Structure formats: C-alpha cells, structure tokens
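What follows is a set of notes on a single structure, which appears directly below.
The values are calculated or read from the model by the stated rules, or taken from the named source; none is laboratory data. The structure displayed is predicted, hence computed values, not measured ones. Because the Cβ atoms are built from the backbone with ideal geometry, glycine has one as well, and the counts that use them run over all protein chains shown.
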Amino acid sequence: MNTSLYIAKRYLFSKKSVNAIHVISGISMLGITVGSAALIIIISVFNGFEDLILSMYNQLSPDIKITAAEGKFFDARSQTLRQIQNDPSVLNYSEVLEEKALVRYDGRQFIARIKGVDAEFGKGKSLDSTLKEGAFDLGEDVFPRAVIGSAVQAYLSVNLENQEESLAIYSPRKEVNNSLNPADEFVMQYSFPSGVFKTQQEFDDLVVVPISFTRSLLAEENGVSALEIDLKPGTDLGSFQKELEAMLGKGFSVKNRIQQNQLLYKVLNSEKWAIFIILSFVLIVAIFNIIGSLTMLVIDKKKDIAILSSMGAGKSLIRNIFLIEGMMISLSGCLLGMLIGLAFCILQQQYGFIKMQMSDNSLLDAYPVSLKTYDFLLVFATVFAVSLIASAISSRISVKSLETLKENL
C-alpha cells in the first residue's frame, strides 16, 4: 500500500490525541455533506420544473417547424414539400395557417392568434393533458368548433356550458378600404368553443380551429403559414433538420424545438447555472474549512513529521500524507452528501411528501424532481477540484518548518 495513503488513513480513522482536531474534521466533513446534498436536491428540483415546463411547450411545439424565410404565407403543394410528408421518419405532417384576429364573445373582445390546423395536428401527442376543461374537439368543416387558450377564456369570460353564445372572429378583408359600411371591411366567422387548454403564456392567447375555417376567414385558398413536423421515436433530429435545410434552400426557415423557443431555453439554462454557482460558493466555504482542520493536525503531528523526516521521508511524502487526508475528508463528505441527496430525491419522486402551496387547478401537487447523471458528476468534479486546492495549501504548511521541527526533536 502507498505509504502516504496508509498514514493518512491512520490519521483519519484512528483516535487523535487532541479531541478538538477530531471535532474540526467532523465539522468539515459535515459541511461538505450538507452542501453536496443541498446542491443535488436543489438542482434536481430545478430539473423537475424545467422538464415540466418543456413538456408543456412540447405538447403544442413540433419537432420541426418550416416557415417562409420572407413573407407570412407560402404554398405547401410543391413536390419538394410533399416528399417530406412521405418520408418514413415523419410521424406527423401538419399544415398550419395562423394569423391574429379580433374575437368577440358576449360583448367582450380580445385580439387572439387564430391557428387553423388540419386533421393530422396533434397526432402522437396527448393534447387532452393540456386541457383545463372541455374536450379537444374541432368539430367538422360544416360545424367548426374552437379550442381556446386560458388567456382567451379569462379575457372573454367564456362559458363552455353556454351553447347559445358563440365566438365571433373578425379579420380584415383583403383589398377593401374606406367602405361606406365598416362591416364590409371585415370577414366574420362564428365558432362554438369546445375546450380550454392551459400550457404556457406564449400559447394561452391561441384559438385553435380547423384550417378550412381559417382559410375562409383569411381568404387564403392554398397558403399556409407553417408546416409542423413530428418525427418517429429514434430519428436523429439534427441529421433530419440538415437534410431539410439542404432540400428546401434559403427560401425556407427550418427550426427545431430549441430554436422555436430559443429564449425559453436560454433562460432555463442561465437560471440553472446561476443556482449552481451560488450554491457552489457555499460548498467552497465548507471545503476550505479543511485548511483549518489540516493545520491543526499538522501542529498535533509535528513530532511524527520530524521522525518521518529523520527516517528518510522526503518532503513530497510528508506533503502527500496531508494532501490525501484532506481529499479523503472532502470526498467522503461529498459522496455521503450525494447519497443523501439521491435518497431524498427518490423519496420525493415516489411519495411527493413536500407539497406546493398552489390552487386546486394547478398541474402538480408536489415539487417535481428529475435526476440526471451529469449533475452528480458536476458536483463531484467541483468538490474534487476545490478540495485539491485546499488540501494542497494545507499540505504545504506541513513541510514549511520541517527543518525547525527536526532540530527541536
């Protein structure tokens, strides 16, 4: 066994002549344990919220979204775009026609985004999980129905049980200006609401209707504002996106899910790193307590150091003894803390014993938790790096006055 490691283990696990040193080492280990556990738990809870938010976005955001590089609408009937629809990797190919319009209901009005979708929309997705009330039913072309966002319902006070009141949707009529009758300047369509969904603020102002309804409203016979594509499980999203970009050229914009919600992903990543850095500072303070613990140990073991030196032990061996002991204290505390954090997170996932004080209509009852291997590796690497620095500083103290100790022996 390595001599430095053997002596360091004896110093760590054997009874020390000065009880205060044992207490200081225990406090240092306890601080690292608590800091590591807290870091794992808080990051895992943040991961849980992140996964929840992204899953809510993903219900209405496709894997790939194709839009025109210039202008609002484009013709989706080209042979190139039809090839995409027949690609074996495509699970869902949906044509979307979207535009802002004025929505009136029972004397109230609201500027909403009218999103016309075809029959393929939502295939492979559990859209019902986003519903606050009602059903995700768009009716038929003859009797179209609408599924509205929670913001639309709140502004208009929409009551799904009132089947006598419909949504009146207005859109400016093309090429008609300064008409004697202002009503002639708008196209008006009616639709009964069938459901209310609630995901994120970005989607809560939507009114989802059949695409035929939107075509009549906007007088767009063939145009679409976007093509939304979902891929089959196991498909390489990056490769598929690159193939589409090469196929479609510069006339189209091809965005994956991250690019569609770029700001959201940036905010989530920034918040996670900010939390990690703040908690890491707390952990670093706990780790640097090792300097005090090892300094006390050096003072206690000064005779041992002098004897080892007289027997031929070099400065590097003596330095390594205290370096290894500091690393053992730190890493033991880190591993114990990560195990405590892991156990806490698993219990929270299974039983949800820490509840959130939210309304009865909230999407979750307890704090969500998501465990990721990367976070454990990151915490361990952080503790290892800082511990190495702190232990190296302490180990240098052990040989600083080595010659003086030898003379006093």
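Assorted remarks:
- The residue of segment 196-239 that is surrounded by the most Cβ atoms within 10 Å (Cβ to Cβ), among those that are acidic (Asp, Glu) and without any contact (Cβ under 8 Å) to a residue 24 or more places away in the chain, is Asp236.
- Complete set of residues in segment 99-144 that are farther than 19 Å from Leu218 by Cα, touching a residue at least 12 places away in the same chain (Cβ under 8 Å) and of a type in the set (Gly, Ala, Ser): Gly122, Gly124, Ser126, Ser129, Gly134, Ala135, Gly139
- Residue that is modelled with the lowest pLDDT, among those in segment 68-86 that are crowded, with 16+ Cβ neighbours inside 10 Å and closer than 17 Å to Ala246 by Cβ: Leu81
- Residue in segment 345-360 that is in a helix (DSSP H, G or I), modelled with pLDDT of 90 or more and closer than 10 Å to Ile40 by Cα present: yes
- In segment 253-263, the residues that are crowded, with 16+ Cβ neighbours inside 10 Å, at pLDDT below 90 and either of a type outside the set (S, T, N, Q) or in a loop (DSSP other than H, G, I, E, B) (or both): Arg257, Asn261
- Taken over segment 237-255, the criterion of being on the phi < 0 side of the Ramachandran plot and either of a type in the set (S, T, N, Q) or over 25 Å from the mean Cα position of the chain (by Cα) (or both) is satisfied by Ser239, Gln241, Glu243, Leu244, Glu245, Ala246, Met247, Leu248, Lys250, Gly251, Phe252, Ser253.
- Residues (assigned to a loop (DSSP other than H, G, I, E, B) and touching a helix residue (DSSP H, G or I) at 6+ places or on another chain (Cβ under 7 Å)) located in segment 120-154: Phe136, Asp141
- Within segment 101-119, considering residues that are out of contact with any Asp or Glu (no Cβ under 9 Å at 6 or more places or on another chain) and either part of a strand (DSSP E or B) or not assigned by TED's automatic domain parsing to the domain that holds Ser225 (or both), the one surrounded by the most Cβ atoms within 10 Å (Cβ to Cβ): Val103
- Residues that are surrounded by fewer than 17 Cβ atoms within 10 Å (Cβ to Cβ) and either in a loop (DSSP other than H, G, I, E, B) or at pLDDT 70 or above (or both) do occur in segment 394-404.
- Top-ranked residue of segment 85-97 - restricted to ones that are outside any helix (DSSP H, G or I) and more than 28 Å from the chain's Cα centre (by Cα), ranked as nearest to Ile211 (Cα to Cα): Leu97
- Those residues of segment 36-84 which are of a type in the set (S, T, N, Q), assigned to a helix (DSSP H, G or I) and in contact with an Asp or Glu (Cβ under 9 Å, 6 or more places away or on another chain), in sequence order: Ser44, Asn47
- Sub-9 Å Cβ pairs linking a first residue in segment 145-173 that is not assigned by TED's automatic domain parsing to the domain that holds Gly195 to a second residue that is modelled with pLDDT of 90 or more and among the β-branched types (Val, Ile, Thr), at least 6 apart or interchain, number zero.
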